[in-house]
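Remarks on the structure that follows.
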Amino acid sequence: MKNFIEGPWLYRILALFLSLLLFSYVNIDKINTTRQINNNNTQMLATRSETVKVPLQINADTDKYFITGYPQKVKVTLSGPNALITSAVNTLNFRVIGDLTKLGAGTHTVKLTQTGINKDIKVKIEPATIKVKIEHKLTKEFPVQVNVKEENLATGYSIGNPKISQDVVQVSGAKAAVNSVARVVATIDPDKGTKNDINEETLLQAVDRNGKTVNVLISPQTVNIKIAVQMNKKTVPLSLQKTGERSGYEYTLSSETEQVTVYGKKQILATLTDLPVTIDMADITKDTTRTVTLTLPSGVYDSHPKQVKVNIKVTAPTGMTTSRTETTTQSSSESTTSMSQSQVQSSSSSTTSESQTTDNNQSSESSSSSDSSSSTANTNES
């Protein structure tokens, strides 16, 4: 028995088993392939419906006419073989058209058509027709006006002049609508408590005299707006004032700083005409210079500069000045009197001396004359 199993029969049994296994594998693969082909064929032949939204294309002379009343998109229901529907939905390579090329101004009902859909697909368009209004077109240019909600800015802040990427835009539409446009505005709505500069891409709106939006086309539709945000400021003159003046003294105030820039609430700055600077004179008796820190009124938050130098010129009381003058005058008078007396005495001495000299000369002359007369007489006698 052992020899029988180990003999040729063993190989035959193994070969038979392998053959059956291979046969089963091949047939199962064929069965699966056939089943898949059948399934694919079934799917290809099956029908289904699919609804999609597609843009509505309007054919018209848009340079001459302005058209309103039509939807931007329409619903299209496609029914047919599964493969065709799948392809149409995935590619959307078809169009729905409203043809207005043969129509003029007025209100019209137009049937929508499609193009690009396989003839084996059934198509349903909703709505099937549209009602449009065709009007003569008008185009005008308008400047852009910027409207900023300043109440959202931080307290004490205001805006500078806006810088717009395009100052003038074109407005197109129905003639009546364009003629009703009063202005084109760009509205800026900053965050609450804004202190930073504004830099926004802003949508434009055309409005009438009552501020209501007008249905027109604006080109471009948006503009870039840059606005500097800063504290409210105003430059005002200094008003130098005195307090605590000492009796009899006169004070003159001056400063090299004539004006200061102040920052604060807009309504407060609007009423501010100058900035008072008060100096206490109680302890000032001679010329001096004071550095004063500016005192800001309520609603004013800052100033530039924060301090100013005030020059104070002092004139002493009149009585003190007169006393000093009198003393000087008296001293000068005494000196003058003394000098006069000395000059009189000197003059008197000189006069006496001159008199004595004259007398002596006269005496000599008299003596000489007497001698001469005596000599003459003696001669005559002889």
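Tabulated values for the structure
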| item | result |
| --- | --- |
| Förster radius 45 Å - calculated FRET efficiency between residue 203 and residue 274, Cβ distance, rounded to 0.05 | 0.50 |
| Net charge of Cβ neighbours under 13 Å - reference residue 218; Lys, Arg +1; Asp, Glu -1 | +1 |
| Linear extension gain, residue 286 paired with residue 147, 0.36 nm per residue minus alpha-carbon span | 44.2 nm |
| Lysines whose Cα lies under 19 Å from that of residue 137, excluding same-chain neighbours fewer than 8 positions away | 64, 102, 175 |
| Over 29 Å between alpha carbons, listed pairs 163/233; 163/306; 111/140; 53/133; 140/192 | 163/306; 111/140; 140/192 |
| Anisotropy class of the range 217-280 from Cα gyration tensor, a/c 1.5 cut | prolate |
| Per-residue SASA entry for residue 290, accessible area with 1.4 Å probe, Å² rounded to 10 | 80 |
| Contour excess over end-to-end distance, with Cα ends at residue 92 and residue 210 and 0.36 nm allotted per residue | 38.1 nm |
| Mean Cα-pair separation over length for the range 95-215, i.e. relative contact order, pairs under 8 Å, 6 or more apart, % | 23 |
| Normalised contact order of the range 125-176, rounded percent, pairs of Cα under 8 Å and 6 or more residues apart | 57 |
| Contact order normalised by residue count of the range 224-285, Cα under 8 Å, 6+ apart, percent | 50 |
| Relative packing of peptides 253-260, 171-178 - highest average C-beta neighbours within 10 Å first | 171-178, 253-260 |
| Inter-probe distance in nm under a simple model that places probes 7 Å from Cα toward Cβ, at residue 19 and residue 293 | 11.6 |
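The values are calculated or read from the model by the stated rules, or taken from the named source; none is laboratory data. Being a predicted model, the structure only gives us computed values, none of them experimental. Neighbour counts are summed over all protein chains in view; Cβ atoms, including those assigned to glycine, are modelled from backbone coordinates with ideal geometry. Keep in mind that these areas ignore ligands, DNA and RNA; they rest on the heavy atoms of the full protein, side chains included. Shrake-Rupley method; radii C 1.70, N 1.55, O 1.52, S 1.80 Å.
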